[in-house]
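Taking it in order: structure first as structure tokens, then the write-up.
The values are calculated or read from the model by the stated rules, or taken from the named source; none is laboratory data. Remember, it's a predicted structure, so these values are computed and weren't measured experimentally. Because the Cβ atoms are built from the backbone with ideal geometry, glycine has one as well, and the counts that use them run over all protein chains shown. Protein only, heavy atoms only, side chains kept; ligands, DNA and RNA dropped before computing areas. Shrake-Rupley method; radii C 1.70, N 1.55, O 1.52, S 1.80 Å.
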Amino acid sequence: MTRPGRRGTFRLAHTNIESPDPARLNAETITDALARGDVVTFNEAKEKTSHEVLRSAEGFSCHIAGENAISWLVERFREKAVGRHVVMRGGHVGAGLRRTDRRRVGPSRELAWALLEDLHTDGLLIAATHHAVAKADTTAKWRRRRRARGFHAVAKELRRILAQHPGAALALTGDMNTIGRIVFRVHGLREVKTPATYGRRRYDRLFVLRCKARHVRAFRTHADHLGLSADITPEEN
């Protein structure tokens, strides 16, 4: 799976699985994404059938955190630590109001992360993914403030992890459900130019720190979003 070329370069892939698609289609989406990456991140992977596919994938280990998951090729990466953090509480706004006046936020949103050691270079990589609250730019604009607080909490958690592992590279992916620019206040973190993945909307994003992304492409799965893949080259310390 590991691509030849620049020292330390590996292939990263990301996809939204589109829960609750039929289990067979979810499995095919997962399998297709795993075939495209040495590290693969998933959103909407909440169903038990999807978890079974992720856990049984030959050659891969995984961290499953609710609806988010991260898989990595064991011949290339070793797990050092994994975690998850709730960055936005779901439920309803207006709990004291009549049922018809409550506004549904949807499920809680999390950041999932895995600290991985590159067996080729001994370098550390933080692979992270976040699925932001939906429809904040379309039919539920009142959710924008909650989304912004979620992004703030994502950045805070990433800063905490980076402080513990100051030399690590970072790749953050996710269905950010955002049309415009996103700023995560993590020093040095930059957004990679990515193609549209949901119609003309560039919902699925990639952010990197202490590494470079090349050959960024979209790929089609059974999900309603296109997936993303990229060659990632961490900086040499």
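Descriptive notes on the structure:
- Listed by position, the strands (runs of 3 or more DSSP E) contained in the stretch 55-143 that have at least 3 residues being at pLDDT 95 or above and farther than 19 Å from D231 by Cα are 60-65, 77-88, 109-118.
- Residue check, P195 open to solvent by less than 50 Å² (accessible area, probe 1.4 Å) and out of contact with any helix residue (DSSP H, G or I) (no Cβ under 9 Å at 6 or more places or on another chain): yes
Residue by residue, here is whether (1) open to solvent by less than 40 Å² (accessible area, probe 1.4 Å); (2) of a type in the set (K, R); (3) over 22 Å from T194 (Cα atoms) holds:
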residue: E28; (1), (2), (3): no, no, yes
residue: A35; (1), (2), (3): no, no, no
residue: D38; (1), (2), (3): yes, no, no
residue: S50; (1), (2), (3): yes, no, yes
residue: S56; (1), (2), (3): no, no, yes
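- Criterion applied to A223, A230, A213 was being touching a strand residue (DSSP E or B) at 6+ places or on another chain (Cβ under 6 Å), touching a residue at least 60 places away in the same chain (Cβ under 8 Å), of a type outside the set (V, I, T) and open to solvent by less than 10 Å² (accessible area, probe 1.4 Å), and the one residue passing it is A230.
- Of all residues making up the stretch 187-237, the number that are under 17 Å from L34 (Cα atoms), aliphatic (A, V, I, L, M) and not in a strand (DSSP E or B): 2
- Taking the criterion of being crowded, with 17+ Cβ neighbours inside 10 Å and not aromatic (F, W, Y), the residues of the stretch 149-167 that qualify are G150, A153, V154, A155, E157, L158, I161, L162.
- Any hit, the stretch 22-43, residues being at pLDDT 95 or above, touching a Leu at 6+ places or on another chain (Cβ under 6 Å) and part of a strand (DSSP E or B): yes
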